[in-house]
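Each reported figure results from applying straightforward, stated rules to the coordinates on display, with no laboratory input. Since the structure is predicted, the reported quantities are computational estimates derived from the model, not experimental observations. Cβ atoms come from the backbone with ideal geometry, glycine included; neighbour counts cover every protein chain shown.
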Amino acid sequence: MRRIPFAKPDLGPLEIAAVNRVLESGWLTNGPEVEAFEAEFRERVGASHAIALSSCTAALHLALDSMNLQATDAVLLPALTFFATAEAVLYTGARPLLLDVDHRTLLLEPELLREWIARSCDFNRSELVHIETRKRIRALIMVHIGGTVCDYQGCESICRQFGLRLISDAAHAFGSRYQYHMVGSDALGDEMSCFSFYATKNITTGEGGMLTLADEALAEQIRLKRLHGIYGQAWGRKRWSYDVRLQGYKYNLSDMAASLGRVQMARSLEMQTRRQEIASQYDLFFQKYPDISILPHDGESSSWHLYVVFFPDSRRRDLFVEAMFQAGIAVSLHFIPIYEHTFWKESYGNQTALFPGARQAFETMVSLPIYSALTQSDLEYILDRMSGILQPLLPSES
Ligand SMILES: Cc1ncc(COP(=O)(O)O)c(C=O)c1O
């Protein structure tokens with residue numbers, strides 16, 4: 001029986017040669033490779049500044065840290081995301097407040113957000129205050145789940161109206177586009193975008209992240225904070241002297257990781273095309289199953305980090321998942337909503353009833369393998385096994 005993993009990094013001789021070159025150079029930590037990676041990244045997405053970091057979580061933390069959040073403040077984020085999005089808010093001492101998502105798109109929808117604000121907040125003297133917690137809402141994090149982009153214009157207009165900062169958790173969205181602009185571009189309405197290069201992401205550095213933004217002064221401050229607040233970098237420094245200008249963090253990326261990232265970026269269009277082909281083949285397959293819905297998409301703006309389908313009920317979703325594992329095909333679920341986790345329940349109580357959209361998605365969705373290293377033969381095996389598994393569960397139309 002075959003064993004098909006849920007995700008697999010697409011690495012070859014070019015990546016190995018690049019990392020070897022860094023190892024042989026004797027300079028391993030952040031240096032010329034990081035600088036080149038940042039320059040290539042900002043060029044690719046159309047951003048004035050790209051700051052390489054040790055993770056997307058670090059990028060989210062630095063983005064929020066730059067807002068001087070207080071314990072009396074709150075930050076909005078979707079209930080359906082990886083826990084890191086909420087954790088980054090907790091690092092700042094502010095309160096994360098969850099919003100429901102649309103169960104068909106998995107995204108924050110501006111209409112839902114407007115209704116939530118009308119129901120749950122007071123807006124006076126240009127401050128948006130959450131009635132129940134009395135926290136002042138300062139920012140909104142959009143999460144482009146699976147690479148499907150949120151409605152930038154809709155979210156931006158709400159943020160402008162209520163004086164909120166807007167940032168993107170773009171962990172899944174390297175390669176995604178909104179109205180022909182790459183996620184992370186200066187042309188889009190968010191202030192900062194945070195990318196992940198974790199091992200399963202569309203491009204990887206093993207672990208790593210990138211923060212993009214337009215504002216020069218903010219970029220300068222975030223660069224300082226990424227490495228202990230030290231002014232000037234070790235690479236190229238001629239003397240022993242250094243100066244800590246403000247309290248920072250240890251969030252830098254290594255040259256080993258950046259060299260890997262540069263090769264992955266150079267190969268990313270080819271890798272993206274393969275993800276798109278896989279998505280098209282899944283789309284075609286699911287046309288035969290009217291009871292299964294797929295994420296709405298236009299075919300070209302998603303990075304296709306995830307391919308998610310929805311079953312009519314949790315019983316048949318669970319039977320499908322079990323049968324796929326029996327067939328040697330790993331599937332996954334993105335995500336266990338934030339409010340389901342023990343830590344959240346212990347901190348804020350049971351909030352399950354507040355998020356009908358996230359709950360419906362959580363009960364019925366499943367993510368299928370999609371990655372550029374997935375061979376056509378493995379994809380055909382998946383499609384073939386799915387036909388057999390779905391036949392008794394859901395009638396197909398052919
Ligand atoms: C939506 C989302 N946000 C943030 C992160 C955190 O990324 P990192 O592991 O690079 O810190 C992840 C990681 O998978 C994620 O899926």
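Over all Cα atoms in the chain, the spread is summed up by Rg and Dmax: 21.7, 73 Å.
Per-residue extension of 0.36 nm, minus the Cα-Cα distance of Ala353 and Asp215, leaves a gain of 45.7 nm for this segment. Per residue of the chain, the DSSP helices (runs of n ≥ 4 H) give a summed -39500 (n - 2.57) that works out to -12500 deg cm²/dmol at 222 nm. Shown in residue order for the stretch 201-213 are the 3J(HN,Hα) couplings computed by the Karplus curve 6.51 cos²θ - 1.76 cosθ + 1.60 at θ = phi - 60°: 7, 4, 10, 10, 10, x, 10, x, x, 8, 10, 10, 6 Hz (x for Gly and Pro).
I'd like the GluC sites (Glu not before Pro) in the stretch 111-153 restricted to DSSP loop residues with at most 15 other Cβ atoms within 10 Å, sorted by number.
Glu132
Annotation for the stretch 366-398 versus the stretch 156-197: alpha-carbon center distance of 33 Å.
Sorting Asp190, Asp283 from the fewest to the most surrounding beta carbons within 10 angstrom yields Asp283, Asp190. Computed over the Cα atoms of the stretch 268-393, pair by distinct pair, the Kirkwood hydrodynamic radius stands at 15.9 angstrom. Taking the charge dipole of the chain about its Cα centre, with +1 at Lys and Arg Cβ atoms and -1 at Asp and Glu Cβ atoms, the residue from Ser241, Ala217, Ser396 reaching farthest to the positive side is Ser241.
Between Phe343 and Asp318, the modelled labels are 2.7 nm apart [label points 7 Å from Cα along Cα→Cβ].
Show me the ranking of peptides 388-395, 165-172 by mean Cβ neighbours inside 10 Å, starting with the highest.
Per-residue mean Cβ counts within 10 Å order the peptides as 165-172, 388-395.
Taking a straight Cα-Cα cut-off under 13 Å and skipping sequence neighbours fewer than 8 places away in the same chain, the aspartates and glutamates within cross-link reach of Lys225 are Asp65, Asp243. Its Cα centre serving as origin, the chain has a Cβ charge dipole (Lys and Arg +1, Asp and Glu -1) of approximately 860 debye.
Across the stretch 359-372, coupling constants 3J(HN,Hα) worked out from phi with the 6.51/-1.76/1.60 Karplus curve, θ = phi - 60°, read 5, 4, 4, 4, 7, 10, 8, 8, 9, 9, x, 8, 6, 5 Hz, and Gly and Pro carry x. Net charge dipole, the stretch 161-291: roughly 600 debye, given to the nearest 20, about the Cα centre with Cβ charges of +1 for Lys and Arg and -1 for Asp and Glu. Think of the chain as a dipole: +1 on every Lys or Arg Cβ, -1 on every Asp or Glu Cβ, centred on the Cα centre; then among Leu77, Tyr178, Met256, Met256 lies furthest on the positive end. Couplings 3J(HN,Hα) of the stretch 260-265, computed from phi: 5, x, 5, 5, 4, 5 Hz, in residue order, whole Hz [Karplus 6.51 cos²θ - 1.76 cosθ + 1.60, θ = phi - 60°; x for Gly and Pro]. Qualifying trypsin sites (Lys or Arg not before Pro) in the stretch 76-159, where qualification requires a DSSP coil assignment and no more than 12 other C-beta atoms within 10 Å, comprise Arg125, Arg134. P(r) tail for the stretch 38-191: Cα pairs beyond 20 Å make up 47% of the total.
When you filter the trypsin sites (Lys or Arg not before Pro) in the stretch 1-82 for DSSP loop state and at most 16 other Cβ atoms inside 10 Å of their Cβ, you are left with Arg2, Arg3.
Applying 1/(1 + (r/R0)^6) with R0 = 45 Å to the Cβ-Cβ distance of Trp240 and Glu87, what FRET efficiency is obtained, to the nearest 0.05?
Working: r = 37 Å, r/R0 = 0.82.
The pair Trp240/Glu87 has a calculated efficiency of 0.75.
Within a straight-line Cα-Cα reach of under 21 Å, Lys135 can be paired with the following lysines, leaving aside sequence neighbours fewer than 8 residues apart in one chain: Lys345. Ordering Phe286, Phe6 by the number of other Cβ atoms within 10 Å of each residue's own Cβ, fewest first, gives Phe6, Phe286.
Looking at the chain, the DSSP beta bridges with both ends there are about 60 percent antiparallel. A Förster radius of 41 Å combined with the Cβ-Cβ distance from Thr72 to Ser396 puts the calculated FRET efficiency at roughly 0.15. Work through the residues other than His297 whose Cβ is under 15 Å from its Cβ and net out their charges, Lys, Arg +1 and Asp, Glu -1. Net charge in that neighbourhood comes out at -3. When Rg and Dmax are taken over the Cα atoms of the stretch 239-289, they come to 21.4, 68 Å. The C-alpha atoms of the stretch 168-297 occupy a region whose extents along the principal axes are 67, 31, 23 Å, arranged from largest to smallest.
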